[in-house]
1. Any chance you could give the angle, 0 to 90 degrees and rounded to 10, that helix 14-30 forms with the longest Cα principal axis of the chain?
2. What do you reckon, how do R29, R15 stack up by accessible area (1.4 Å probe), largest on top?
3. Nearest 10 degrees is fine. How inclined is helix 75-95 to the longest principal axis of the chain, computing both from alpha carbons?
4. In square angstrom, what is the accessible area per residue of segment 49-96 with a 1.4 angstrom probe?
5. For the chain, which whole-number percentage of the solvent-accessible area (1.4 Å probe, protein heavy atoms only) is attributable to carbon and sulfur atoms?
6. With the alpha-carbon atoms as the only input, what is the per residue convex hull volume for the chain in Å³?
7. Under a Cβ-only charge scheme (Lys and Arg +1, Asp and Glu -1), can you give me the dipole magnitude of segment 21-87 about the Cα centre, in debye to the nearest 20?
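The values are calculated or read from the model by the stated rules, or taken from the named source; none is laboratory data. None of these values were measured; they are calculated from a predicted model. Here the Cβ is made from the backbone with ideal geometry for all residues, glycine too, and neighbour counts use every protein chain on show. For the accessible areas, the whole protein counts, side chains as well, though only heavy atoms, and no ligand, DNA or RNA atoms are used. Shrake-Rupley method; radii C 1.70, N 1.55, O 1.52, S 1.80 Å.
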Amino acid sequence: MEVRIQAIHFDIADRLTAFINKKAERLSRRFEAITSVDVTLKVVKPESAMNKEVIIKVIEPQQPEMVANKTADTFEEAVDNAIEALERQLEKRKDK
């Protein structure tokens, strides 16, 4: 599985990269068909409390891509929320 992380207009810390990779690996262990995960990190202007936006795209072969877009106080919290949303989407797809 391939994990691509893109930080728009800022430098990403190694700790955040490791956190995102860990969460993506956990997701791919649960859903083996995942071939790649694209993560986009943005700081939304103006500078306010809820200004960290995360967009995660999950790609599986022969399936439409799934996307979760979450905003929170920290990137870690936004990643957690987006992963939870993707898990729910993937569960629904698996049940069909």
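1. The angle comes out near 20 degrees.
2. R15, R29
3. Approximately 20 degrees, to the nearest ten.
4. Roughly 56 Å² per residue, with all protein chains present.
5. 49
6. 90
7. 100
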